[in-house]
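Report on the following structure.
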Amino acid sequence: MDNKKESFDSNFQYCQHGGIYSVDSYKSSSSSIQIDFSSNLNPLGISKRVISKMQANISLAYNYPDPKCINLKEKILEYIGSDIDFNIDHNLIAGNGATELIHYFASAFVKKKALVPIPTFCEYELACRRKDSQIHYSNLHSNDNDDNDDFHIDSDSIIRVANNPNNEISTIFLCNPNNPTGKFSKKEITNIIEKTDKKIKILLDESFIEFVDTQKKITNNCFINLLSEYKNLIILRSLTKTFGLAGLRIGYAISTKTNIDKLNQYLISWNVNGLAQMAAIESLADKFHLQSTLKNNTSERKRLYRLFGKNNRLRPIPTDTNFYLLKICDTKMNSTSLRNKLFKRNKILVRDCKNFTGLNDKFIRVAIKTRKENDILLKALEEAL
């Protein structure tokens, strides 16, 4: 495992994400994007049930929202369905997207140093840097000695580094399934939770958990059910990816009363707006839309892996969620030039991954969408490479 320690960089003030506004760097109009593969969102869009409810309740935009999100929290706990008797006042916090709660976590628990496996979601790094904390990086790796780039997490090395008192690690950030690699790691994450010093807080980001096949995860609650035993664990989830609510911003964290109380110390009044709360409640209730989404994702994930594999200028990294990390094998093409070519020729947007710590300019990330949209991407990639 390669480890690097980096202190605060005044230029690292934001994370570059995907989405229609990420194309400003080469002065393209976001309105001309036909298909956005750079954002890992529900390809079926927002539930029709949610849209209808929002149209009928647009007056919510006029009134102040419930600052405690009581109804939303009740529905979240109902949706989770854990055997643990969680309390909405003591075990749950709602956020303006999961990202807000990542920064609350850093404010509450990150001290001198944090451990971050890479590549992963850049907001963990940003949150630590804003605390002027050092980051101890742990590189994801392949299971063998060749250049397969399978990006498996090295749990033994993470435990060893975290438990060494000389390293002064206060927190560990884990993304499972990981973004941008798409890997779900049950055994390795369990190992880290069980063997890490209980003084070290662990943020486990499960923003894409719904997309993982049941035979791999058994249940969405496989880690939530550990909360009663491991008091240093905080589970983070998002409703923006699975339910297509990225513009409304909804996320939540669940943990012990002590941990949630500390996060609440940083809570901003009315942080989740009324329309967002209502949309989240309706989204959680629409089981048919969720089932349709997961059915599409499972079938298209398998089909895309097979078809990506036919292009010898690309190598798909096996994924467990709703996006693929693709390695560019063409020596004459890099991630930025491929992104720009796809946009200019086909009006589709992919995620340039060169700014993920731990990756280079040979990787792009693409969301799994509908069959029709995915076929457009496949044809465009074939023409561009």
Next item on the list: Could you tell me which GluC sites (Glu not before Pro) in region 228-334 are loop residues by DSSP with no more than 11 other beta carbons within 10 angstrom of their beta carbon?
Entry: Glu229
Next item on the list: List the relative contact order of the chain as a percent without decimals, with contacts defined as Cα pairs under 8 Å and 6+ residues apart.
Entry: 24 percent
Next item on the list: Treating the Cα atoms of the chain as identical point scatterers in vacuum, please give the log10 of the normalised Debye intensity I(q)/I(0) at q = 0.12 Å⁻¹, two decimals.
Entry: -0.95
Item checked: Helix-only [θ]222 nm of the chain, DSSP H runs n ≥ 4, -39500 (n - 2.57) each, per residue, nearest 500 -> -10000 deg cm²/dmol
Next item on the list: Name the cysteines of the chain that stand alone by the Cβ rule: no other cysteine Cβ under 4.7 angstrom.
Entry: Cys69, Cys128, Cys175, Cys222, Cys329, Cys353
Notebook entry, point to check: Listed highest first by mean packing, meaning other Cβ atoms within 10 Å per residue, what order do 220-226, 104-110 come in?
Noted result: 104-110, 220-226
Margin query: Suppose the Debye formula is applied to equal point scatterers at every Cα of region 63-285; what is log10 I(q)/I(0) at q = 0.12, 0.16, 0.17, 0.18 Å⁻¹?
Written below: -0.61, -1.11, -1.26, -1.41
Note to self: Taking the Cα centre as origin and putting +1 on Lys and Arg beta-carbons and -1 on Asp and Glu beta-carbons, what dipole magnitude results for region 63-285, to the nearest 20 debye?
What the structure shows: 740 debye
Item checked: Given charges at beta-carbon only (K, R positive; D, E negative), |dipole| of the chain in Debye -> 860 debye
Notebook entry, point to check: Where the convex hull is taken over the Cα atoms of region 288-348, what is its projected area averaged over directions, in nm²?
Noted result: 5.0 nm²
Next item on the list: Could you work out which residue, out of Pro318, Pro177, Pro117, moves most in a Gaussian network model of the chain, that is, has the largest mean-square fluctuation with Cα springs under 10 Å?
Entry: Pro318
Notebook entry, point to check: Taking θ as phi - 60°, what are the ³J(HN,Hα) couplings along region 357-369 by the Karplus curve (6.51, -1.76, 1.60), each to the nearest whole Hz, with x for Gly and Pro?
Noted result: 4, x, 10, 10, 8, 10, 10, 10, 10, 10, 6, 8, 10
Notebook entry, point to check: Tell me which aspartates and glutamates have Cα within less than 17 Å of Lys295's Cα, excluding those fewer than 8 residues away on the same chain?
Noted result: Glu210, Asp213, Asp286, Asp320, Glu373
Next item on the list: Please list 283-289, 351-357 highest first by mean number of surrounding beta-carbon atoms within 10 Å per residue.
Entry: 351-357, 283-289
Next item on the list: Using every pair of alpha-carbon atoms in region 216-302, split the distances into 5 Å bins beginning at 0 and state the percent of pairs per bin, rounded to integers.
Entry: 3, 11, 17, 20, 19, 17, 9, 4, 1
Margin query: Charges on Cβ only, +1 for Lys and Arg, -1 for Asp and Glu, centred on the Cα centroid of the chain; of Gly182, Leu338, Val212, which one is farthest towards the dipole's positive end?
Written below: Leu338
Checklist line | Across Lys68/Lys187; Lys131/Lys231; Lys287/Lys379; Lys183/Lys341; Lys48/Lys216, pairs whose alpha-carbon gap is larger than 25 Å | finding: Lys68/Lys187; Lys287/Lys379; Lys183/Lys341; Lys48/Lys216
Note to self: Could you sort the peptides 237-249, 66-78 by per-residue average Cβ neighbour count (10 Å cutoff), highest mean leading?
What the structure shows: 237-249, 66-78
Next item on the list: With both partners inside region 125-276, how many of the DSSP beta bridges are antiparallel, as a percent to the nearest 5?
Entry: 35 percent
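Every number here is computed from the coordinates shown, using simple stated rules; none is lab data. Here the structure is a predicted model, which is why all the values come from computation and not from measurement. Cβ coordinates were reconstructed from backbone atoms using ideal geometry, including for glycine residues, and neighbour counts include every protein chain displayed.
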